[in-house]
Every structure is written in C-alpha cells, then in structure tokens.
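Throughout, read-outs are computed from the coordinates displayed, never taken from laboratory work. Not measured: the values here are computed from a predicted model. Here the Cβ positions follow ideal geometry from the backbone for every residue, glycine too, while neighbour counts run over all protein chains shown.
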C-alpha cells in the first residue's frame, strides 16, 4: 500500500514538473512554438517609435532652403568657377564639418556678412570686416568648428580675395578682374527633407553647367562631372542647350533626368538653441 502511494506521489510530481517545464518553454517560447510573433511585434514597436520621431519637411520651406543655400550657394556659382573650390561639397563621398577647409568657412561667413548688410560697393571708405563680425556667423552655420583667421584667395572674381591684417584683425577685399565670356556653375534641386530628434537631413540632386557666349547665343552643357577647368566632361554631358538663355532654371528639367544625376545628403544638427548647423554631407 505504501509502495503504491509512493508511486502515485512520484507520478504526480513528475507530471507537475513536466507541466511547469512545458509552461516555461511555451511562455518563453524557447522552442519557437509561436514563431517570431514577439520579435516581430517588438520590431514593429521599434519602427513605430522611430517613425514617430521623424517629420517630413516641405522642400520649398524657408528653413530647408536657407540651410542648403547658405552652405552650397557660395561654392556653386560663377564666382568660384575655375578654382579648386568649385563644387566643394561634392568632391568627396563624405565631408564632415570638422574637416572643412578654413578658406571655405571664412569665405562663406564673409560673403554672408556682405549679403546681410546689403553691401555691394567694396572699395568705398576703405571698407573692411572685423574678424569678430564673422564669429557669430560661422557659429550659426558651422557650429563650433576650429579655423584660423588668414588671407583667403578663392577666386579672381570680386569679391574673391580677402586680405587679413593680423595687427588690426580686419579683412579687406582685394580688387580683381574677372574677364571672359564663359561661366561655370552648379544647379541643385532639393528632393527630400526629414526632421528627426536632433537633426535635419536634406537630400539634393545636382547638375554641373558650363556655358559659353558667342555674342548672340549661349551654348550650355549640363552634366554629371567637370574637368580641371570646370567644363563638363564630354562623356558626362546629359543635355546641351544652344540658345539665348535668360533663366537656366527653365532649361533643365531635373525630374526628367533624376535617375542619372548625382545625389547628396546634407545633415544639420541642432546646436541646443533650436538652430541647425552643418554637420556633414555624403554622396547617396
């Protein structure tokens, strides 16, 4: 009798233990009984959380255009044609703000100062710019980057050279000529903008343009790369226009050639004062 009772008790304990083990295995899904449901649900929640922190921005908004134009505007236009700084932000697969050339940092700030003050006559009354005047501009565009105040020579076109005086801490513009009938520039189109927790990412497509006037018409090539003289490489010409061009924006349909163009993503980071500063650009 005692033996039978003992056996019954052992059987019950075994069943209880077996039941507990089965419950634990099912609850923890150690044998993947329920498939990847928990994992998938967790991943969905993670994705939802990431999406909640993103906001698609209007590519035509003032904020988006200001951020891009204050960065690439000074290195995309005719005034930097023929120099190593032409298309500066598009010469590498990735460029971080801390690795930027001092000349471009200074040039961008000095040109912005002139633009903000609506100054177009550079040689009246010994016009000059204090190094202290451009400190807040540099900080607002590039953040706390390191640079040295110095004379910079960006282009032969005015205002392209700023002479720095170590004794006074002043920049003055050196007068230059800028002859010739040819021009080189870069046109860009903003294709997307996303605001995340601490950053704004802006994607653009670019096309290089070189034009030459014969006095009657302008012959312009649009393409994906340029040679040492900033002329569009023949093998990279996408479109050629030979006519009197008043507005190049109307002569190139970005949407029609979008799949053939080089694209870049600019990242701007919140500096803590709700101002976004350039962090890096990378080729897509």
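Taken along the Cα-to-beta-carbon direction at a fixed 7 Å, the label points for residue 54 and residue 102 span 4.0 nm. At an R0 of 35 angstrom, the distance between the Cβ atoms of residue 234 and residue 175 translates into a FRET efficiency of 0.45. What the Cβ-Cβ distance of residue 167 and residue 144 gives, at R0 = 25 Å and to the nearest 0.05, is a FRET efficiency of 0.40. The mean sequence separation of alpha-carbon pairs under 8 Å and at least six residues apart, normalised by the residue count of the stretch 182-283, gives a relative contact order of 25 percent.
Rounded to the nearest 0.05, the FRET efficiency derived from the C-beta distance between residue 132 and residue 194 at R0 = 45 Å is 0.80.
The modelled label-to-label distance between residue 153 and residue 263, using points 7 Å beyond Cα along the C-beta direction, is 4.0 nm. Modelled this way, with points 7 Å down the Cα-to-C-beta line, the labels at residue 65 and residue 187 are 1.6 nm from one another.
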